[in-house]
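The values are calculated or read from the model by the stated rules, or taken from the named source; none is laboratory data. Bear in mind the structure is a predicted one, so any value in this text is a computation, not a measurement. Here the Cβ positions follow ideal geometry from the backbone for every residue, glycine too, while neighbour counts run over all protein chains shown.
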Amino acid sequence: MIQGTIFLVTIVLMAVVVGVFVFIAINAGKESVDYGPVQAKAFGIRTGLFWVIVVAGVLITVITTLDLPYAATRGDVAEGAVKVQVDGRQWLWTLSQDSATADDTVVFEVTAGDVNHGLGVYDPNMRLLGQTQAMPGYVNSLQLTLREPGTYKLLCLEYCGTAHHAMMSNFEVTAHPDHASATITQGRDGA
Ligand SMILES: [Cu+2]
(Lines give C-alpha, C1' and ligand atoms only; values in the text may rest on other atoms or scores of the structure.)
Protein backbone atom coordinates (compact mmCIF):
# COMPACT_ATOMS: atom_id res chain seq x y z
CA MET A 1 0.00 0.00 0.00
CA ILE A 2 1.55 3.27 -1.17
CA GLN A 3 0.22 5.31 1.77
CA GLY A 4 1.94 2.96 4.24
CA THR A 5 5.28 3.36 2.41
CA ILE A 6 4.94 7.15 2.31
CA PHE A 7 4.09 7.15 6.02
CA LEU A 8 7.19 5.09 6.85
CA VAL A 9 9.51 7.21 4.68
CA THR A 10 8.08 10.37 6.25
CA ILE A 11 8.64 9.04 9.79
CA VAL A 12 12.24 8.06 8.94
CA LEU A 13 13.01 11.47 7.37
CA MET A 14 11.46 13.27 10.35
CA ALA A 15 13.57 11.15 12.69
CA VAL A 16 16.70 12.12 10.73
CA VAL A 17 15.81 15.84 11.00
CA VAL A 18 15.13 15.51 14.73
CA GLY A 19 18.41 13.62 15.12
CA VAL A 20 20.36 16.42 13.42
CA PHE A 21 18.73 19.01 15.70
CA VAL A 22 19.51 16.94 18.81
CA PHE A 23 23.12 16.45 17.69
CA ILE A 24 23.59 20.19 17.15
CA ALA A 25 21.85 21.04 20.44
CA ILE A 26 24.11 18.67 22.39
CA ASN A 27 27.31 19.87 20.73
CA ALA A 28 26.45 23.58 20.74
CA GLY A 29 28.40 25.67 23.19
CA LYS A 30 31.18 23.11 23.67
CA GLU A 31 33.77 25.36 22.09
CA SER A 32 33.76 29.14 21.75
CA VAL A 33 34.31 30.50 18.27
CA ASP A 34 35.26 34.03 17.25
CA TYR A 35 32.49 35.13 14.93
CA GLY A 36 33.98 38.58 14.27
CA PRO A 37 35.57 37.99 10.84
CA VAL A 38 32.68 35.83 9.65
CA GLN A 39 30.20 38.49 10.73
CA ALA A 40 32.05 41.29 8.93
CA LYS A 41 32.06 39.30 5.70
CA ALA A 42 28.39 38.34 6.02
CA PHE A 43 27.33 41.94 6.69
CA GLY A 44 29.26 43.03 3.58
CA ILE A 45 27.42 40.48 1.46
CA ARG A 46 24.11 41.49 3.01
CA THR A 47 24.64 45.19 2.25
CA GLY A 48 25.58 44.42 -1.36
CA LEU A 49 22.57 42.15 -1.77
CA PHE A 50 20.27 44.79 -0.29
CA TRP A 51 21.24 47.35 -2.93
CA VAL A 52 21.06 44.81 -5.74
CA ILE A 53 17.47 44.02 -4.68
CA VAL A 54 16.54 47.71 -4.36
CA VAL A 55 17.91 48.57 -7.82
CA ALA A 56 16.34 45.46 -9.40
CA GLY A 57 13.01 46.22 -7.70
CA VAL A 58 12.93 49.80 -9.00
CA LEU A 59 13.92 48.72 -12.53
CA ILE A 60 11.37 45.90 -12.67
CA THR A 61 8.61 48.18 -11.33
CA VAL A 62 9.34 50.92 -13.89
CA ILE A 63 9.68 48.53 -16.86
CA THR A 64 6.52 46.56 -16.08
CA THR A 65 4.47 49.67 -15.24
CA LEU A 66 5.35 51.36 -18.57
CA ASP A 67 3.58 48.53 -20.38
CA LEU A 68 0.23 48.85 -18.59
CA PRO A 69 -2.64 49.51 -21.00
CA TYR A 70 -3.99 52.65 -19.38
CA ALA A 71 -3.30 55.07 -22.25
CA ALA A 72 -6.93 56.02 -22.72
CA THR A 73 -7.91 56.72 -19.11
CA ARG A 74 -8.40 60.35 -20.08
CA GLY A 75 -11.25 59.26 -22.31
CA ASP A 76 -9.39 59.79 -25.59
CA VAL A 77 -11.16 57.89 -28.33
CA ALA A 78 -9.19 56.94 -31.43
CA GLU A 79 -10.35 58.53 -34.65
CA GLY A 80 -12.61 56.27 -36.71
CA ALA A 81 -13.21 53.99 -33.74
CA VAL A 82 -16.15 51.61 -33.96
CA LYS A 83 -18.48 52.08 -31.01
CA VAL A 84 -20.26 49.04 -29.67
CA GLN A 85 -22.83 49.35 -26.89
CA VAL A 86 -22.68 46.39 -24.55
CA ASP A 87 -25.45 45.70 -22.05
CA GLY A 88 -24.90 42.95 -19.51
CA ARG A 89 -27.85 41.21 -17.89
CA GLN A 90 -28.38 37.88 -16.14
CA TRP A 91 -27.13 36.06 -18.15
CA LEU A 92 -26.27 37.44 -21.53
CA TRP A 93 -24.49 40.28 -23.26
CA THR A 94 -26.54 42.34 -25.70
CA LEU A 95 -24.39 44.05 -28.33
CA SER A 96 -25.41 46.90 -30.65
CA GLN A 97 -23.26 45.16 -33.27
CA ASP A 98 -21.34 41.93 -33.10
CA SER A 99 -18.67 42.29 -35.76
CA ALA A 100 -15.82 44.51 -36.94
CA THR A 101 -12.93 44.37 -39.39
CA ALA A 102 -9.40 43.41 -38.38
CA ASP A 103 -7.34 46.44 -37.30
CA ASP A 104 -10.50 48.30 -36.30
CA THR A 105 -10.30 50.11 -33.01
CA VAL A 106 -13.41 49.17 -31.11
CA VAL A 107 -14.76 51.10 -28.15
CA PHE A 108 -16.98 48.88 -26.04
CA GLU A 109 -19.37 51.11 -24.10
CA VAL A 110 -20.33 48.85 -21.28
CA THR A 111 -23.22 48.99 -18.87
CA ALA A 112 -25.48 46.56 -17.01
CA GLY A 113 -29.22 46.24 -16.61
CA ASP A 114 -29.51 44.43 -13.31
CA VAL A 115 -26.46 43.63 -11.20
CA ASN A 116 -22.74 44.21 -11.63
CA HIS A 117 -21.04 42.13 -14.30
CA GLY A 118 -17.49 42.13 -15.58
CA LEU A 119 -16.83 42.29 -19.31
CA GLY A 120 -13.73 40.42 -20.46
CA VAL A 121 -12.79 40.48 -24.15
CA TYR A 122 -10.82 37.44 -25.35
CA ASP A 123 -9.06 37.07 -28.69
CA PRO A 124 -9.51 33.95 -30.90
CA ASN A 125 -6.78 32.19 -28.87
CA MET A 126 -8.71 32.89 -25.67
CA ARG A 127 -6.11 35.39 -24.52
CA LEU A 128 -7.65 38.13 -22.37
CA LEU A 129 -7.20 41.46 -24.18
CA GLY A 130 -8.94 43.73 -21.72
CA GLN A 131 -11.73 43.96 -19.21
CA THR A 132 -13.95 46.50 -17.53
CA GLN A 133 -16.79 46.52 -15.06
CA ALA A 134 -20.38 46.47 -16.30
CA MET A 135 -22.39 48.46 -13.76
CA PRO A 136 -26.04 49.58 -13.70
CA GLY A 137 -26.24 53.35 -14.19
CA TYR A 138 -22.68 53.73 -15.48
CA VAL A 139 -20.99 53.45 -18.87
CA ASN A 140 -17.41 52.23 -18.80
CA SER A 141 -15.49 52.24 -22.04
CA LEU A 142 -12.95 49.68 -23.11
CA GLN A 143 -10.95 50.57 -26.20
CA LEU A 144 -9.25 47.73 -28.05
CA THR A 145 -7.63 47.51 -31.46
CA LEU A 146 -8.60 44.08 -32.77
CA ARG A 147 -5.82 43.01 -35.13
CA GLU A 148 -6.47 39.32 -35.53
CA PRO A 149 -9.45 38.07 -37.52
CA GLY A 150 -11.56 35.39 -35.92
CA THR A 151 -14.14 34.84 -33.24
CA TYR A 152 -13.57 36.92 -30.12
CA LYS A 153 -15.39 36.00 -26.94
CA LEU A 154 -17.03 38.30 -24.41
CA LEU A 155 -17.15 36.60 -21.04
CA CYS A 156 -18.45 37.70 -17.68
CA LEU A 157 -15.63 38.08 -15.17
CA GLU A 158 -17.70 38.88 -12.12
CA TYR A 159 -19.86 36.27 -10.44
CA CYS A 160 -23.44 37.38 -11.08
CA GLY A 161 -25.63 34.38 -10.29
CA THR A 162 -26.23 30.75 -11.11
CA ALA A 163 -25.66 30.97 -14.89
CA HIS A 164 -22.67 33.34 -14.67
CA HIS A 165 -20.38 30.76 -16.28
CA ALA A 166 -22.63 30.63 -19.38
CA MET A 167 -22.65 34.40 -19.88
CA MET A 168 -20.71 34.44 -23.11
CA SER A 169 -21.12 36.16 -26.50
CA ASN A 170 -19.19 36.06 -29.75
CA PHE A 171 -17.71 39.04 -31.57
CA GLU A 172 -16.59 38.36 -35.13
CA VAL A 173 -13.58 40.12 -36.61
CA THR A 174 -13.37 39.68 -40.35
CA ALA A 175 -10.11 39.39 -42.26
CA HIS A 176 -7.72 42.22 -43.00
CA PRO A 177 -4.04 41.63 -43.89
CA ASP A 178 -1.07 41.97 -41.45
CA HIS A 179 -0.44 41.73 -37.73
CA ALA A 180 -1.47 39.12 -35.25
CA SER A 181 -1.58 40.84 -31.90
CA ALA A 182 -3.78 43.50 -30.41
CA THR A 183 -2.77 46.88 -29.14
CA ILE A 184 -4.66 47.56 -25.99
CA THR A 185 -5.84 50.86 -24.70
CA GLN A 186 -8.38 51.09 -21.98
CA GLY A 187 -10.46 53.85 -20.55
CA ARG A 188 -13.42 54.37 -18.32
CA ASP A 189 -15.77 57.18 -17.64
CA GLY A 190 -18.82 57.73 -15.53
CA ALA A 191 -17.26 55.84 -12.62
CU1 LIG B 1 -21.12 37.00 -14.25
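Brief remarks on what is shown
- If only residues of region 156-179 that are assigned to a loop (DSSP other than H, G, I, E, B) and more than 25 Å from the chain's Cα centre (by Cα) are counted, the one that is modelled with the highest pLDDT is Ala175.
- Residues in region 130-162 that are away from the ligand (no atom under 11 Å from the Cβ), farther than 24 Å from Ala175 by Cα and β-branched (Val, Ile, Thr): Thr132, Val139.
- Extreme residue, farthest from the ligand (Cβ to nearest atom), among residues of region 88-104 that are surrounded by 18 or more Cβ atoms within 10 Å (Cβ to Cβ) and assigned to a strand (DSSP E or B): Asp104
- Some residue of region 118-129 being in contact (Cβ under 8 Å) with a residue 40 or more places away in the chain and of a type in the set (Ser, Thr, Tyr): no
- Gly113 meets the stated requirement of being within 16 Å of the ligand (Cβ to nearest atom), touching a residue at least 12 places away in the same chain (Cβ under 8 Å) and surrounded by fewer than 20 Cβ atoms within 10 Å (Cβ to Cβ).
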